[in-house]
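> Handing you this structure, nothing more for now.
The values are calculated or read from the model by the stated rules, or taken from the named source; none is laboratory data. This is a predicted model, so every value here is computed, not measured. We place every Cβ from the backbone using ideal geometry, glycine too, and count neighbours over all the protein chains shown.
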C-alpha cells in the first residue's frame, strides 16, 4: 500500500491572533504546497487522512462550534475522505488513527500541517515510534515565533528548523514538496 497523506489541523483556528503574539509565522507557501500534495493524492486515488483538532479548552478557536474549527477550503476534505478528530496534540492519542492505518494496510505516511513544533511534531514522533515509515514535508508545515524557556525570542524559521532537527532520522525523513511530487510522478505516492 502506498503512503497515506496525513494533513494535520488545517483549520481556520490557526489564523487566530493568539498564535502569532511572539511574531509572524514561517513558510507562507505552506498552504499552497499542501494543496498541491492533496491534488496529487486525489488524482491518484490514494489514501488521505484529515486530522481535525477539536479542542476542549473553552477559549480555544479550535473548539467545536466555533468558526475556527472548520477546515480551510483549499485543503478541506471531500466526501469519502477520512476525517479523524483529536483532542490532544498527537493525532494518535485517544483516536482511531493507528487502528485505521493498520486495518487498511497503510505503513507509510507523508505528513503536512500545523503547527510544526506542536501537533505535527507530536504526531510524527508517535508515528515513528509506532513503526510507520514517515516523511514530513518541511515546506508544507509552518509554525510561529516563540520564546524559549529562558525567555529568549526565536523566529518562526528557527523554531521550525529546530523541530525538523528534532525529528529527522530517528522519527522520520524530511523532504520538500517538489521532491515528493517528483517522486510521486515517477513511481506513485511515496
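> Could you check how many residues of the stretch 127-153 are crowded, with 17+ Cβ neighbours inside 10 Å and farther than 18 Å from residue 28 by Cβ?
6
> Find the residue count for the stretch 8-35, including only residues that are touching a helix residue (DSSP H, G or I) at 6+ places or on another chain (Cβ under 9 Å), farther than 30 Å from residue 103 by Cβ, at pLDDT 95 or above and assigned to a loop (DSSP other than H, G, I, E, B).
3
> Here's something else I'd like to know. Could you say which residue among 5, 101, 109, 38 is buried (at least 18 other Cβ atoms within 10 Å of the Cβ), under 14 Å from the mean Cα position of the chain (by Cα) and either at positive phi or part of a helix (DSSP H, G or I) (or both)?
After applying the criteria, what remains is 38.
> Being in a loop (DSSP other than H, G, I, E, B) and either without any contact (Cβ under 8 Å) to a residue 60 or more places away in the chain or more than 17 Å from residue 108 (Cα to Cα) (or both) narrows it down to one residue among 84, 93, 49; which is it?
The conditions single out 93.
> Within the set of pairs 6 or more residues apart or between chains, which connect a residue that is touching a residue at least 12 places away in the same chain (Cβ under 8 Å) inside the stretch 149-166 to a residue that is surrounded by 11 or more Cβ atoms within 10 Å (Cβ to Cβ) and part of a helix (DSSP H, G or I) with Cβ atoms less than 6 Å apart?
Once the first residue is touching a residue at least 12 places away in the same chain (Cβ under 8 Å) and sits in the stretch 149-166, its partners that are surrounded by 11 or more Cβ atoms within 10 Å (Cβ to Cβ) and part of a helix (DSSP H, G or I) give 159/117; 160/116; 163/116; 163/117; 163/121.
> Further question: Going through the stretch 154-181 one residue at a time, which ones are assigned to a strand (DSSP E or B) and within 11 Å of residue 138 (Cβ to Cβ)?
168, 172, 173, 174, 175
> Moving on to the next point. Any residue that is under 17 Å from residue 15 (Cα atoms), in a helix (DSSP H, G or I) and free of Cβ contacts under 8 Å to residues at least 40 places away in the same chain - is there at least one of those in the stretch 60-73?
yes
> Next question, about the same structure. So which residues in the stretch 121-153 are assigned to a loop (DSSP other than H, G, I, E, B), touching a strand residue (DSSP E or B) at 6+ places or on another chain (Cβ under 7 Å) and more than 21 Å from residue 23 (Cβ to Cβ), if there are any at all?
132
> Another question about this same structure. Would you confirm, using the coordinates I've provided, whether residue 30 is under 12 Å from the mean Cα position of the chain (by Cα), within 23 Å of residue 108 (Cβ to Cβ) and buried (at least 22 other Cβ atoms within 10 Å of the Cβ)?
Considered against the rule, which asks whether it is under 12 Å from the mean Cα position of the chain (by Cα), within 23 Å of residue 108 (Cβ to Cβ) and buried (at least 22 other Cβ atoms within 10 Å of the Cβ), residue 30 comes out as yes.
> Let me ask you something else. Take the residues in the stretch 154-183 that are closer than 21 Å to residue 37 by Cβ and loosely packed, with under 13 Cβ neighbours inside 10 Å, then tell me which one is modelled with the highest pLDDT.
Filtering first and then ranking leaves 178.
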